[in-house]
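Student: Pasting in a structure now, in structure tokens, and then I'll have a few things to ask.
The values are calculated or read from the model by the stated rules, or taken from the named source; none is laboratory data. Just so we're clear, the structure is a prediction, and the values are computed from it rather than from any experiment. Reconstructed Cβ throughout: ideal geometry from the backbone, glycine too, with neighbour counts over all protein chains shown. The accessibility values were calculated without ligands, DNA or RNA, using every heavy atom of the protein model including side chains. Shrake-Rupley method; radii C 1.70, N 1.55, O 1.52, S 1.80 Å.
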Amino acid sequence: MHYHISEYFRIQPKGNLFVGIYAVPSTYTFSEIATIQNFANGKIRQIGVFKNGAAFASADITTINGVCASLVAAHKEIVALYGADISAVSDISTIADLSALSANLVSAVIGQDGAALGAAIFYATGKSVTTLGATLGAVAKAKVSQSIAWVAQFNISNGVECDVLAFANGVSFSNSSVTDGLLTSLQDKRYIFLRKFVGVAGSYFNENSSSIAVSSDYAYIADNRTIQKATRGIYTNLAPALNSPIVLNADGTISDEAIAYFTGLAEEPLIQMIRDAELSGEQVVINSTQNILSTGILVISVNLVQVATGRNIQVNIGYSVSV
């Protein structure tokens, strides 16, 4: 536990960290996530769940996602990182495919230090350590729109820790079984681990994947953090307007003044996110013909344009007789 806490602050020295240590339950419900989020008055944006010495289970990810979804519904937005024991998984290619899940609020960390303190703890305990603390630190350090796999910004090695790479079953990347094909397969299965780039010093995350199909609008941690920040800002701005009067036109439609007022409230945090390069664009639409007198509900539609991530860069190169 100390390792993960220290690794968090190694990556994000300016971060705030709540720590909850709980007894091992007879059945894992992960209700402790709600306990610590409620204790923090909803301030926690991302949480690391370290299932200390207990076996990894894809069912855990679904359960954790349910707890996080309940918190999101209560305006306590949160995403989770999950680290558990995979020491018994000798062939990591057989690990479960998380792309078949619908757990966009949870990401699974299976990378581990291969030669420094993380490795020493692994060999002393015989249980997976993972890079959960460092991963949590990277997510906390990143803008909501940023991928923690951004090479220029997120070198996770300090030259010692996480410089030699392994999986959390103890298999080093120098092992002949760790091929490019295996790494691609594990990435397609939506796992997070560290990788190297030829000619570039340091260690970097392969992705910021969530436990859901890559085709989902919420396939990555950044997708979920961005929309959660937008939701949080809109909620904060609109909450004081609850039960406020809405002036109508004589024909029962919403007045231009009322539309402008509520549009401005919803747009304000989104415009700031655009200034901060956390969104590319936004649109707030209020249908003036909706019948508020009958329903008591004002419906506001918000459309967001994300900041894109260049996950691959393709360079076409060749000889020419002139340029």
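Student: Pull out all pairs, ordered by first then second residue, where Cβ-Cβ is under 8 Å, the residues are six or more apart or on different chains, the first lies in the range 12-33 and is within 14 Å of residue 133 (Cβ to Cβ), and the second is of a type in the set (Val, Ile, Thr).
Tutor: If the second residue must be of a type in the set (Val, Ile, Thr), the pairs left are 17/5; 18/36; 18/44; 19/5.
Student: For the range 4-13, enumerate the residues that are within 14 Å of residue 45 (Cβ to Cβ) and either open to solvent by 20 Å² or more (accessible area, probe 1.4 Å) or of a type in the set (Asp, Glu) (or both).
Tutor: 12
Student: Looking at the range 187-195, can you tell me whether even one residue there is open to solvent by 10 Å² or more (accessible area, probe 1.4 Å) and among the aliphatic types (A, V, I, L, M)?
Tutor: no
Student: Then there is this: Suppose we filter the range 98-118 for residues that are more than 15 Å from residue 207 (Cβ to Cβ) and open to solvent by 10 Å² or more (accessible area, probe 1.4 Å); how many remain?
Tutor: The total comes to 8.
Student: Show the residue pairs that are 6+ apart or on different chains and have beta-carbon atoms under 6 Å apart, the first residue being within the range 301-323 and closer than 30 Å to residue 264 by Cα and open to solvent by less than 90 Å² (accessible area, probe 1.4 Å), the second being part of a loop (DSSP other than H, G, I, E, B) and of a type in the set (Gly, Ala, Ser).
Tutor: 305/280; 307/145; 307/280; 309/147
Student: Next question, about the same structure. Kindly check whether there is at least one residue in the range 130-148 that is in contact (Cβ under 8 Å) with a residue 12 or more places away in the chain and closer than 20 Å to residue 175 by Cα.
Tutor: yes
Student: Further, regarding this structure: From the list 178, 160, which one is of a type outside the set (Gly, Ala, Ser), buried (at least 18 other Cβ atoms within 10 Å of the Cβ) and either in contact with a Gly (Cβ under 6 Å, 6 or more places away or on another chain) or part of a loop (DSSP other than H, G, I, E, B) (or both)?
Tutor: Checking each option against the conditions leaves just 178.
Student: Additional query: Looking at the range 220-239, I want the residues that are without any contact (Cβ under 8 Å) to a residue 12 or more places away in the chain and closer than 12 Å to residue 265 by Cα and have a partner that is surrounded by fewer than 22 Cβ atoms within 10 Å (Cβ to Cβ) and not polar (S, T, N, Q) with Cβ atoms under 9 Å, at least 6 apart or on another chain. Which pairs are those?
Tutor: Sorted first by the residue in the range 220-239, then by its partner, the pairs are 239/75.
Student: Here's something else I'd like to know. Determine if the range 196-216 includes at least one residue that is open to solvent by less than 30 Å² (accessible area, probe 1.4 Å), assigned to a helix (DSSP H, G or I) and not hydrophobic (A, V, I, L, M, F, W, C).
Tutor: No, the conditions are met nowhere in the range 196-216.
Student: Also, quick follow-up: Those residues that are open to solvent by less than 40 Å² (accessible area, probe 1.4 Å) and in contact with a strand residue (DSSP E or B) (Cβ under 9 Å, 6 or more places away or on another chain), I need them from the range 21-47; list them, please.
Tutor: Within the range 21-47, 30, 33, 36, 37, 46, 47 meet the criteria.
Residues are listed down the side, and each one gets a yes or a no for (1) more than 30 Å from residue 141 (Cβ to Cβ); (2) surrounded by 15 or more Cβ atoms within 10 Å (Cβ to Cβ):
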residue: 219; (1), (2): no, yes
residue: 227; (1), (2): no, yes
residue: 232; (1), (2): no, yes
residue: 237; (1), (2): no, yes
residue: 241; (1), (2): yes, no
residue: 249; (1), (2): yes, no
residue: 254; (1), (2): yes, yes
residue: 262; (1), (2): yes, yes
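Student: Scanning the range 66-81 for residues that are under 16 Å from residue 51 (Cα atoms) and in contact (Cβ under 8 Å) with a residue 40 or more places away in the chain, which turns out surrounded by the fewest Cβ atoms within 10 Å (Cβ to Cβ)?
Tutor: The selected residue is 81.
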